[in-house]
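Undergrad: Shown below is the structure under consideration.
The values are calculated or read from the model by the stated rules, or taken from the named source; none is laboratory data. Keep in mind that what you see is a predicted model, and the values were worked out from it rather than measured. Don't worry about glycine lacking a Cβ; one is built from the backbone with ideal geometry, like all the others, and counts go over all protein chains shown.
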Amino acid sequence: MKDITHLLHQRRRAGILLHPTSLPGPLPRGLVCHDAYRFIEFLSQSGMTVWQMLPLGPTHTDGSPYQSLSAHACETSLISLDWLQDRGLLDEVIEVADFNLHQQYLKTAWSNFQKQKTSSLFKSFKSFIKSHADWLEDFAIFMAIREQQGDQVWTKWPAALRDRKKASIIKVKSELSDSIDFHQFGQFIFFQQWHDLKQYAKKHDVLLFGDLPIYVSHDSADVWVNRDLFLLDKDGEATIVAGVPPDYFSETGQRWGNPQYNWDAMQKNNFVWWQQRLHTQLELFDLVRVDHFRGFQAYWEIEADEETAINGRWVEAPGEALLTSLQTYFHQLPLVAEDLGIITDEVTALREQFDLPGMKILQFAFDNNPKNAYLPHNHTFNSVVYTGTHDNDTTLSWYQHLNESEREAIYAYLGVNREEPMAWPLIRAAFASTSCLAMFPLQDVLALGEGHRMNTPGTTEGNWQWRFDWQQIPNDLASQLGELSQRYDR
C-alpha cells in the first residue's frame, strides 16, 4: 500500500530513551543546551542511531508531557539561554536556578529582539509566524488570556472569552498584544534551537524519535479553538471522556478525563486537524510514536459524570479512514504504534495494514508462556523492542522485586548465568532480537535500580523528575554499546 519504505525498515538500529528534561544542568529540568549536543555525541560514539523522547508540549503544573497545553507548541522552559546570549539577545547570564528567573531572561531577550527588526533572525521570526499560522496565534492568544485569568482552565473564563466571541478576541489582541507576541517569540526560539539540534543529530546519523499522545488535554488551546471537534456541552465542558476499561491492573479501569473526539466532524473535513498536528511533529522529529494506538480502532468512552471507567463502552473509531488520509497527505507514515495491553485482532490488522511497527517490552515477557508475544523468539522485524519504557520501573529494580523462580525463568530462557548484572542480559537480548529497532531507557544502560523510574502510571506525585549526571556514565560505556551494536548489526 505504501510507495516508500518505512524509515525503520531500511536498516537495523538501536537507540536510547531519554527525555530532554532528564539532561543534566542547574535548573530543576534539563534544557536543549550543550548537554543535548553532548548526548548526541555520546549516542554516535556508542553506535546508537536513535534518540527517543517524550512529548515536548508545554505542561501543566504536574509536569506530565502527556497532558499538554497545546498539540503543536513546545515547552519554552527547555530553551537554552546560552543560545540567546550567543545571538546578542542577552548579556551575561548568571546561574539560573529556577524557572521564574529563566522566564525573566526570556522576556529580556524578547525586549532586545524587538530592537533588531532589520536582522535576519527577526525576518525568520516573521516567516515562522506565517508558516505556522494554523496554530501559533491561537495558542499565543490562549496563553495570554490564561495568564490574565490566573491560569484558570478556559471553561472558567468570562463567557465571551470562553466562547471566543469575535469582539472579545479583537479586544484581547489589542490589550494583550505584547504578551501574545512574546508567546509567539518563545515558540520561534524553541523551534530555531530544535532545528539546530536536529541538524546536528542528522550529521551524527542520529534520528530524533518523538511521541504523540492520542488525546489532548481539555485545558488546551486545541480544545478551546476547535470545540466542534470534541464532545463538549454548550459551556465547553466534556460530555464524554477517554480512558480504558477494568483489567488485570485496575479493577475500576482508568478514567483519563480527556475529552473524546467528535470523529464524525473530523472525518467530514478529511481529518485536517490531524494532518496539521502530525505536520508539526514531523517538523520536530524523524519518527513519531503514537500513544494508545488501539484508540484509532476502537476507544473506551465514559460519560463525564462517571467517577470511574467501569461503566464505559467500546466505540469503533474511523482509524482506517484517518490513517489513509494521513498517508495520502504525507506519502509515508514514519510512525510507531504503541500497541501494549489487551490488543484485539482488529487493532493488529489496522497496524499491519499501514505497515507500522508495534512495540515489544521484555519486562512483560517472562511469564513461563512460550507463546508470549514479548519473548524474543516471537518478535518480528516490524517491531520496536524495549527493555522497558518510561512507564516501567527500571529493569534492575523490576528484577529485584521478582521472586526467585521468576528470576530463574529469565536466566534459563536467556541461557546465561547470574554473573552479569541486570539489566545487561535483557539489553543483549534486545540487541539480538529480530526487531528492526532496539530501545533502552538510559536508566537501564546505567544499571540504575529503585528510585530512578520516570513515571508510575496512575499516580500524580513524584513523576517526570528523573535526571542523570555525566559522572554516572562509565568511561567504557560507549565502547561497550558500540561493540553490541556492531555484533548485532545495529
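Undergrad: Under the condition of being under 20 Å from D228 (Cα atoms) and free of Cβ contacts under 8 Å to residues at least 40 places away in the same chain, which residue from region 142-158 is farthest from the chain's Cα centre (by Cα)?
TA: Top of the filtered list is P158.
Undergrad: Working only within region 37-49, note down all residues that are within 30 Å of T61 (Cβ to Cβ) and either of a type in the set (D, E) or surrounded by 23 or more Cβ atoms within 10 Å (Cβ to Cβ) (or both).
TA: F39, the sole residue that qualifies.
Undergrad: Give just the number: which of (1) farther than 21 Å from L27 by Cβ; (2) within 28 Å of the chain's Cα centre (by Cα) does L106 not satisfy?
TA: So the condition that L106 fails would be (1).
Condition check ((1) under 25 Å from D211 (Cα atoms); (2) surrounded by 15 or more Cβ atoms within 10 Å (Cβ to Cβ); (3) not aliphatic (A, V, I, L, M)) across all residues:
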position: Q67; (1), (2), (3): yes, yes, yes
position: L89; (1), (2), (3): no, yes, no
position: Q104; (1), (2), (3): no, no, yes
position: K123; (1), (2), (3): no, no, yes
position: K126; (1), (2), (3): no, no, yes
position: A133; (1), (2), (3): yes, no, no
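Undergrad: Among what's in region 435-452 and is out of contact with any His (no Cβ under 8 Å at 6 or more places or on another chain) and in contact (Cβ under 8 Å) with a residue 60 or more places away in the chain, pick the residue that is surrounded by the fewest Cβ atoms within 10 Å (Cβ to Cβ).
TA: Applying the filter and picking the extreme gives L442.
Undergrad: Is region 192-201 home to any residue that is part of a helix (DSSP H, G or I), farther than 30 Å from R38 by Cα and out of contact with any Leu (no Cβ under 9 Å at 6 or more places or on another chain)? Quick ask: steps written out before the conclusion?
TA: Initial filter on region 192-201 (part of a helix (DSSP H, G or I)): 192-201.
Those still in the list that are farther than 30 Å from R38 by Cα too: none.
No, every residue in region 192-201 fails to be part of a helix (DSSP H, G or I), farther than 30 Å from R38 by Cα and out of contact with any Leu (no Cβ under 9 Å at 6 or more places or on another chain).
Undergrad: Quick check: anything in region 86-95 in a helix (DSSP H, G or I) and either over 19 Å from L197 (Cβ atoms) or among the acidic types (D, E) (or both)?
TA: Looking for residues that are in a helix (DSSP H, G or I) and either over 19 Å from L197 (Cβ atoms) or among the acidic types (D, E) (or both), one finds at least one in region 86-95, hence yes.
Undergrad: Find all pairs meeting these conditions: Cβ atoms under 6 angstrom apart; at least six residues apart or on different chains; first residue within region 346-360 and farther than 16 Å from T380 by Cα and touching a residue at least 12 places away in the same chain (Cβ under 8 Å); second residue assigned to a helix (DSSP H, G or I) and among the charged types (D, E, K, R).
TA: V347/R294
Undergrad: Then there is this: State all residues of region 184-195 that are surrounded by 15 or more Cβ atoms within 10 Å (Cβ to Cβ) and free of Cβ contacts under 8 Å to residues at least 60 places away in the same chain; if no residue qualifies, say none.
TA: Q184
Undergrad: Output the number of the condition that Y200 fails; it satisfies all remaining conditions of (1) at pLDDT 95 or above; (2) buried (at least 21 other Cβ atoms within 10 Å of the Cβ).
TA: Every listed condition holds for Y200 apart from (2).
Undergrad: Starting from residues that are over 12 Å from H292 (Cβ atoms) and outside any loop (DSSP other than H, G, I, E, B), keep the ones in region 336-345 and report whichever is nearest to the chain's Cα centre (by Cα).
TA: Checked region 336-345; the qualifying residue nearest to the chain's Cα centre (by Cα) is V336.
Undergrad: Filter region 282-311 down to the residues that are part of a loop (DSSP other than H, G, I, E, B) and among the charged types (D, E, K, R), then identify the one that is nearest to G210 (Cα to Cα).
TA: Kept after step one, since they are part of a loop (DSSP other than H, G, I, E, B), are these residues of region 282-311: 285-286, 291-292, 297, 304-311.
Checking which are among the charged types (D, E, K, R) leaves us with 286, 291, 305-307.
Details: D286: 8, D291: 10, D305: 33, E306: 33, E307: 32 Å.
It comes out as D286.
Undergrad: Could you tell me which numbered condition Q486 fails, if it satisfies all but one of (1) surrounded by 13 or more Cβ atoms within 10 Å (Cβ to Cβ); (2) assigned to a helix (DSSP H, G or I); (3) in contact (Cβ under 8 Å) with a residue 60 or more places away in the chain?
TA: Every condition holds for Q486 apart from (1).
Undergrad: Out of region 283-335, which residues are touching a strand residue (DSSP E or B) at 6+ places or on another chain (Cβ under 7 Å) and β-branched (V, I, T)?
TA: Those that are touching a strand residue (DSSP E or B) at 6+ places or on another chain (Cβ under 7 Å) and β-branched (V, I, T): V288, V290, I302, T308, V315.
Undergrad: Is there any pair linking a residue in region 389-411 that is farther than 20 Å from L54 by Cβ to one that is surrounded by 20 or more Cβ atoms within 10 Å (Cβ to Cβ) and of a type in the set (A, V, I, L, M), with Cβ under 7 Å and at least six apart or on different chains, and which?
TA: Partner pairs satisfying both residue conditions: L396/M422; L396/A423; L396/L448; Y399/M422.
Undergrad: Might you let me know whether region 116-129 holds any residue that is closer than 22 Å to T59 by Cβ and out of contact with any helix residue (DSSP H, G or I) (no Cβ under 6 Å at 6 or more places or on another chain)? Don't jump to the end; show me each part of the working.
TA: Residues of region 116-129 closer than 22 Å to T59 by Cβ: none.
So far as region 116-129 goes, no, none of its residues is closer than 22 Å to T59 by Cβ and out of contact with any helix residue (DSSP H, G or I) (no Cβ under 6 Å at 6 or more places or on another chain).
Undergrad: Restricting to region 346-391, count the residues that are within 18 Å of G451 (Cβ to Cβ) and in contact with a strand residue (DSSP E or B) (Cβ under 7 Å, 6 or more places away or on another chain). If you could, list the steps in order and put the result at the bottom.
TA: As a first pass, look at region 346-391 and keep what is within 18 Å of G451 (Cβ to Cβ): 363, 387-391.
Of the ones still in play, those that are also in contact with a strand residue (DSSP E or B) (Cβ under 7 Å, 6 or more places away or on another chain) are 387-390.
Within region 346-391, residues that are within 18 Å of G451 (Cβ to Cβ) and in contact with a strand residue (DSSP E or B) (Cβ under 7 Å, 6 or more places away or on another chain) number 4.
Undergrad: For D247, indicate whether it is out of contact with any Gly (no Cβ under 9 Å at 6 or more places or on another chain), on the phi < 0 side of the Ramachandran plot, of a type outside the set (V, I, T) and surrounded by fewer than 17 Cβ atoms within 10 Å (Cβ to Cβ).
TA: no
Undergrad: Could you check, for region 121-131, whether at least one of its residues is of a type in the set (S, T, Y) and at pLDDT below 95?
TA: No, because not a single residue in region 121-131 is of a type in the set (S, T, Y) and at pLDDT below 95.
Undergrad: May I pose another question? Among the residues of region 312-328, are any in contact (Cβ under 8 Å) with a residue 60 or more places away in the chain, buried (at least 16 other Cβ atoms within 10 Å of the Cβ) and closer than 26 Å to R227 by Cβ?
TA: So far as region 312-328 goes, yes, one or more of its residues are in contact (Cβ under 8 Å) with a residue 60 or more places away in the chain, buried (at least 16 other Cβ atoms within 10 Å of the Cβ) and closer than 26 Å to R227 by Cβ.
Undergrad: I've got another one for you. Evaluate region 254-264: report whether one residue or more is exposed (fewer than 15 other Cβ atoms within 10 Å of the Cβ) and out of contact with any Pro (no Cβ under 7 Å at 6 or more places or on another chain).
TA: Let us first name the residues in region 254-264 that are exposed (fewer than 15 other Cβ atoms within 10 Å of the Cβ), namely 264.
Then keep just the ones that are out of contact with any Pro (no Cβ under 7 Å at 6 or more places or on another chain); that gives 264.
Within region 254-264, one or more residues are exposed (fewer than 15 other Cβ atoms within 10 Å of the Cβ) and out of contact with any Pro (no Cβ under 7 Å at 6 or more places or on another chain).
Undergrad: Would you check if there is a residue in region 234-241 being of a type in the set (A, V, I, L, M, F, W, C), at pLDDT 95 or above, surrounded by 16 or more Cβ atoms within 10 Å (Cβ to Cβ) and in contact with a Gly (Cβ under 7 Å, 6 or more places away or on another chain)?
TA: Yes: one or more hits.
Undergrad: Of the residues that make up region 8-28, is at least one in a loop (DSSP other than H, G, I, E, B), buried (at least 19 other Cβ atoms within 10 Å of the Cβ) and of a type in the set (S, T, Y)?
TA: Checked against the condition, which is being in a loop (DSSP other than H, G, I, E, B), buried (at least 19 other Cβ atoms within 10 Å of the Cβ) and of a type in the set (S, T, Y), region 8-28 yields no hits at all.
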